Every structure is written in C-alpha cells, then in structure tokens.
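First comes the structure, then the notes that go with it.
The values are calculated or read from the model by the stated rules, or taken from the named source; none is laboratory data. On a predicted model such as this, the values are computed, not experimentally measured, just so you know. Cβ placement follows ideal geometry from the backbone for every residue including glycine, while neighbour counts extend to all protein chains displayed.
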Amino acid sequence: MTTGLPADPDQIKRAVLGCPAISRLTDGVGTYLPGREVSGVAVREGQPPHVEVHVVAWFGPTMAEIAEQVHAAVHTAAPNVPVTVVIEDIELTGPPARSARTSRSRSSSRSRRVDG
C-alpha cells in the first residue's frame, strides 16, 4: 500500500463485500485517494487509527451476526485496527440463492452503529 494510510480501503472493501450477510456498501462515508474515492469505507488516521464501514445487509442474519462478519472481514485486511460498522439498511430481496424467500425490498429509516 502506498497511500500512507494505516489500512488499504480497497482491500477492506473487497473483504467486506465477500461477507454472506452483506448486500453492498453505501455512500455514507468514503476514503479519498488520489483521483478517486473508495465509497463505504473510511480509513481514519490518528491515534489510534480507525476504520468505519457503512453497509446494506441481507435480511435474515441478526445485527450482531452482520457486525461479526464485517469485523472479521475488516480484521483480515487491517489487523488490530478498531472498526465501526454502520448498518444503514436491510435488503429484503435476498441474494440469488435466497431470492425465492421474498419478492420485495424495504428501505429502513434508521441506521445501527456497532463499534468494536
């Protein structure tokens, strides 16, 4: 990584998108790099450094399960860096393997912030 940041936001984004509970990242935060932005992941410098991830999760897992998956994914990319997970929405239409369970989607008006 050549950005000078304490963690690679692209690597974190890929890791989080690999979580089965995650539908997508949101534009709630971002990390600005030369000529572009990595949306959904904020890597904060400071003492201590910190990562904040904003997600939309699939319906089904509990908030704790979602946060646990995201924490584990971030820690593979950024070990020992504190993480805040913000669950901005729940997607009721599941991923392709679960799409038969429901046929509509919902947008919630609340976010849930989980620190760890």
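Annotations for the structure displayed:
- Residue in region 40-47 that is under 18 Å from Val86 (Cβ atoms) and at pLDDT below 95 present: yes
- Within region 1-34, the only residue that satisfies the criterion of being surrounded by fewer than 17 Cβ atoms within 10 Å (Cβ to Cβ), basic (Lys, Arg) and under 17 Å from Pro79 (Cβ atoms) is Arg14.
- Within region 13-61, considering residues that are of a type in the set (Lys, Arg) and over 8 Å from the mean Cα position of the chain (by Cα), the one nearest to Glu91 (Cα to Cα): Arg14
- Matching residues in region 47-70 - criterion: being touching a strand residue (DSSP E or B) at 6+ places or on another chain (Cβ under 9 Å) and closer than 14 Å to Ala7 by Cα: Pro49, His50, Val51, Glu52, Val53
- Ala97 vs. criteria assigned to a helix (DSSP H, G or I), surrounded by fewer than 17 Cβ atoms within 10 Å (Cβ to Cβ) and at pLDDT below 95: yes
- The number of residues in region 35-86 that are surrounded by 15 or more Cβ atoms within 10 Å (Cβ to Cβ) and either among the aliphatic types (A, V, I, L, M) or in a strand (DSSP E or B) (or both) comes to 27.
- When region 75-89 is filtered for residues that are touching a helix residue (DSSP H, G or I) at 6+ places or on another chain (Cβ under 8 Å) and touching a residue at least 60 places away in the same chain (Cβ under 8 Å), the ones remaining, listed by number, are Thr76, Ala77, Ala78, Val81.
- Selection count, region 40-58, where residues are in contact with a helix residue (DSSP H, G or I) (Cβ under 8 Å, 6 or more places away or on another chain) and touching a residue at least 40 places away in the same chain (Cβ under 8 Å): 3
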